[in-house]
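Let me begin by presenting the structure, written as structure tokens, before commenting on it.
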Amino acid sequence: MRTWIEIDQQALLHNLEQFLLLAPASRIMCVVKSNAYGHGLREIASILQHASPYTHHRLWFGVDSIDEAVALREQGITLPVLTLGYVPLDRLAEAVARDIRLTVYNPETLQSLSNLKLQNLSSAIRVHVKVDTGASRQGILPQQLLDFIRAIPPGVELEGLCTHFANIEDTTDHSYARLQLERFQKAIADLEAAGISVPIKHTACSAAAVLFPETHFDMVRLGISLYGIWSSKETLVSAGSRSDNFTLRPVLSWKTRVAQLKTIPAGTPVSYGLTERVSRESRMAVIPVGYFDGFDRRLSSIGNVLIRGKRAKIVGRVCMNMMMADVTDIPEAALEDEVIFIGKQGNEQISADEVAQKSGTIAYELLARLNPLLPRIVV
């Protein structure tokens, strides 16, 4: 392989175990949307499907789309699957036939499900209603919730009630998150007062699960932290001393090989646009990875890679399929040496958070945009 991604199976299972212990009374939804945050949908799902049978009764999968859900079922995944995103009306029957739970918030979806039931569909139809408590994205507003739930047609099971926090990761001031939690709790109370009970209530993302046990309810939706990454620095700070006993291990490493080595004179420009010139005679390593693979062009002239356990600076612009790194101070560097973009080599490490910060984004985006064509190898 020319470039590949390695998935650390033991690190993944370690992170899952941390949350199984953190929320012992709750189910754990492993969110594998967006190609499992770039880690590989098939590979991650397979590892989790074959995790300890003692935890299977607590594990679910969360996906964004019907296509991701179908891919899991075609892979042989039998654990419960909930689509968190929108499912087109003309694909609801497909979802139901494959025992895929639905997140609902549109009256039109309920009407389509009613029509399916009238067709004497034998499969169970299970839905989770999403309440918009303040994120202003998907969901029913609290004042409309009771009428919406009463409109759920006969034969459609109200299995879950959920919401999503808008500002729990980006701050150490969690007043807005607490306001959202209060709104969700009131929604539950209003439903119960109307004689409506919901078996599975869920609100917690990774950050909420760590910071606020009261958000655990019946299920925790485990996203970025399943893959060994703290939701944000603010979450780590807020966790404080609790994080000493709660550890996360990065699951993903991204690697390639040196494709060419050459020495160029001082003053020579490197790559497109002549944006950078070397200030001394320099030995350059040509690396066969570029922005097509997911290495952000904004890392031009500021990014680093690891070669022989040492950092090498990216020189000039990152290209579509290659980049150049200065290995003048790594004289032992050789053709086809392993190159690390994310991961450890010797005593050095480049984290997803570091790369994301240098490119002006967050680890979520960096990982999710890794090219899905790159092979994911479970190690």
Task: Failed item, numbered, when Glu332 is tested on (1) more than 21 Å from Ser300 (Cβ to Cβ); (2) in contact with a strand residue (DSSP E or B) (Cβ under 8 Å, 6 or more places away or on another chain); (3) surrounded by fewer than 15 Cβ atoms within 10 Å (Cβ to Cβ) - done: (2)
TODO: Test Lys255 against the criterion of being within 30 Å of Ser232 (Cβ to Cβ), modelled with pLDDT of 95 or more, open to solvent by 10 Å² or more (accessible area, probe 1.4 Å) and not in a loop (DSSP other than H, G, I, E, B), and give yes or no.
DONE: yes
Task: Residues within the stretch 234-247 that are surrounded by 20 or more Cβ atoms within 10 Å (Cβ to Cβ) and out of contact with any Ser or Thr (no Cβ under 6 Å at 6 or more places or on another chain), tallied - done: 1
Open item on the list: Under 6 Å between Cβ atoms, which residue pairs at least 6 apart in sequence (or on different chains) link something in the stretch 293-313 that is over 17 Å from Arg257 (Cβ atoms) with a partner that is open to solvent by 20 Å² or more (accessible area, probe 1.4 Å) and among the acidic types (Asp, Glu)?
Closed with: Ser301/Glu276; Lys313/Asp326
Open item on the list: With the requirement that a residue be assigned to a helix (DSSP H, G or I), open to solvent by less than 60 Å² (accessible area, probe 1.4 Å) and in contact with a Lys or Arg (Cβ under 9 Å, 6 or more places away or on another chain), what does the stretch 49-92 give you?
Closed with: Arg58, Ile66, Glu68, Ala69, Val70, Ala71, Leu72, Arg73, Gln75
Open item on the list: It is to be established whether one or more residues within the stretch 101-115 are under 25 Å from Ala204 (Cα atoms), of a type outside the set (Phe, Trp, Tyr), open to solvent by 50 Å² or more (accessible area, probe 1.4 Å) and not in a loop (DSSP other than H, G, I, E, B).
Closed with: no
TODO: Give me a count of the residues in the stretch 184-233 that are open to solvent by 40 Å² or more (accessible area, probe 1.4 Å), farther than 14 Å from Gly160 by Cα and touching a Gly at 6+ places or on another chain (Cβ under 9 Å).
DONE: 0
- [ ] For the stretch 91-110, enumerate the residues that are free of Cβ contacts under 8 Å to residues at least 40 places away in the same chain and over 16 Å from Glu159 (Cα atoms).
- [x] Arg91, Leu92, Ala93, Glu94, Ala97, Arg98, Asn106, Glu108
Open item on the list: Quick check on the stretch 275-311: of everything there that is assigned to a strand (DSSP E or B) and not aliphatic (A, V, I, L, M), which residue is surrounded by the fewest Cβ atoms within 10 Å (Cβ to Cβ)?
Closed with: Arg277
TODO: Quick one: count up the residues across the stretch 258-270 that are open to solvent by less than 20 Å² (accessible area, probe 1.4 Å) and either of a type in the set (Gly, Ala, Ser) or not in a strand (DSSP E or B) (or both).
DONE: 1
TODO: Report yes if some residue within the stretch 205-226 is polar (S, T, N, Q), within 16 Å of the chain's Cα centre (by Cα) and assigned to a loop (DSSP other than H, G, I, E, B); otherwise report no.
DONE: no
Open item on the list: I'd like to check something: does the stretch 148-160 contain any residue that is part of a helix (DSSP H, G or I) and of a type in the set (Val, Ile, Thr)?
Closed with: yes
TODO: Output the residues belonging to the stretch 4-28 that are surrounded by 15 or more Cβ atoms within 10 Å (Cβ to Cβ) and among the aliphatic types (A, V, I, L, M).
DONE: Ile5, Ile7, Ala11, Leu12, Leu13, Leu16, Leu20, Leu22, Ala23, Ile28
Open item on the list: Restricting to the stretch 11-41, name every residue that is free of Cβ contacts under 8 Å to residues at least 40 places away in the same chain and either out of contact with any Lys or Arg (no Cβ under 8 Å at 6 or more places or on another chain) or closer than 13 Å to Ile224 by Cβ (or both).
Closed with: Leu13, Glu17, Leu21, Pro24, Leu41
- [ ] Could you tell me whether Lys117 is under 16 Å from Leu161 (Cα atoms) and either of a type in the set (Lys, Arg) or at pLDDT below 95 (or both)?
- [x] no
- [ ] Output yes when any residue across the stretch 354-362 is open to solvent by 50 Å² or more (accessible area, probe 1.4 Å), under 20 Å from Val258 (Cβ atoms) and out of contact with any strand residue (DSSP E or B) (no Cβ under 7 Å at 6 or more places or on another chain), and no when none is.
- [x] no
TODO: Scan the stretch 121-147 for residues that are in a loop (DSSP other than H, G, I, E, B), over 23 Å from Ile66 (Cβ atoms) and open to solvent by 30 Å² or more (accessible area, probe 1.4 Å) and report the count.
DONE: 2
Open item on the list: Take the residues in the stretch 344-353 that are closer than 28 Å to Thr263 by Cβ and in contact with a strand residue (DSSP E or B) (Cβ under 9 Å, 6 or more places away or on another chain); name whichever of them is surrounded by the fewest Cβ atoms within 10 Å (Cβ to Cβ).
Closed with: Gly346
Open item on the list: Between Ile377, Ile314, which is of a type outside the set (Lys, Arg), surrounded by fewer than 20 Cβ atoms within 10 Å (Cβ to Cβ), in contact with an Asp or Glu (Cβ under 9 Å, 6 or more places away or on another chain) and part of a strand (DSSP E or B)?
Closed with: Ile377
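The values are calculated or read from the model by the stated rules, or taken from the named source; none is laboratory data. Small disclaimer: the values here were computed from a predicted structure and weren't measured. Methodologically, a virtual Cβ is constructed for each residue, glycine included, from the backbone with ideal geometry; neighbour enumeration extends over all protein chains shown. Note: accessible area is taken over every heavy atom of the protein model, side chains too, but ligands, DNA and RNA are not part of it. Shrake-Rupley method; radii C 1.70, N 1.55, O 1.52, S 1.80 Å.
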